[in-house]
Amino acid sequence: VQLQASGGGLVQAGGSLRLSCWAPRAIFSVFSVHDMAWYRQAPGKQRELVAQISATGNRNYVDSVKGRFTISRDNSRKTVTLQMNNLKPDDTAVYFCNAKEGSSDSWGQGTLVTVSS
């Protein structure tokens, strides 16, 4: 599925941002069976999994964002969102959305989140 990410920007520490990932060309029945996730890659670091939500709605988070980030999906709108609260400078990275189903593995274009101290 083709993915379009949006919502990044510059925010001060303690602030909030909401990232969205939309699959404009997917049909509802296809999108709904994909496991969706947000990854991030900070400068000089490897890409890491931040949050994931399965096709059945199960959620997992990396320890560093637990209690601050919330992932959700709206299958009718073919959208997955990442609500990020109490942002920290260490959250600065390019964030990528991902969709997996079987051997299908799709990535969005990335959106930059910069958190100033």
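Scanning the stretch 48-67 for residues that are among the charged types (D, E, K, R) and surrounded by 14 or more Cβ atoms within 10 Å (Cβ to Cβ) turns up nothing.
So which residues in the stretch 79-96 are touching a Ser or Thr at 6+ places or on another chain (Cβ under 8 Å) and farther than 13 Å from Thr111 by Cα, if there are any at all? Thr79, Val80, Gln83, Met84, Asn85, Asn86, Leu87, Pro89, Asp90, listed by residue number. The single residue among Ala26, Ala42, Ala93 that is under 17 Å from Gly7 (Cβ atoms), of a type in the set (A, V, I, L, M) and in contact (Cβ under 8 Å) with a residue 40 or more places away in the chain turns out to be Ala93. One residue stands out among those in the stretch 10-47 that are under 22 Å from Ala93 (Cα atoms) and polar (S, T, N, Q): the one that is surrounded by the fewest Cβ atoms within 10 Å (Cβ to Cβ), which is Gln46. Being surrounded by 15 or more Cβ atoms within 10 Å (Cβ to Cβ), farther than 14 Å from Ser6 by Cα and not hydrophobic (A, V, I, L, M, F, W, C) is a description that does not apply to Thr111.
Taking the criterion of being more than 18 Å from Glu48 (Cα to Cα) and either open to solvent by less than 50 Å² (accessible area, probe 1.4 Å) or without any contact (Cβ under 8 Å) to a residue 24 or more places away in the chain (or both), the residues of the stretch 68-79 that qualify are Ser72, Arg73, Asp74, Asn75, Lys78, Thr79.
The condition of being among the hydroxyl-bearing types (Ser, Thr, Tyr), farther than 25 Å from Pro24 by Cα and more than 12 Å from the chain's Cα centre (by Cα) holds for Thr92.
Could you tell me whether Ser106 is among the hydroxyl-bearing types (Ser, Thr, Tyr), more than 15 Å from Leu19 (Cα to Cα) and either free of Cβ contacts under 8 Å to residues at least 12 places away in the same chain or assigned to a strand (DSSP E or B) (or both)? Yes, satisfied.
The values are calculated or read from the model by the stated rules, or taken from the named source; none is laboratory data. If you're wondering where the values come from, they're calculated on a predicted model, not measured in any experiment. Virtual Cβ from ideal backbone geometry, glycine too; neighbours counted across all protein chains shown. We work out accessible area using only protein heavy atoms, side chains counted, and drop any ligands, DNA or RNA first. Shrake-Rupley method; radii C 1.70, N 1.55, O 1.52, S 1.80 Å.
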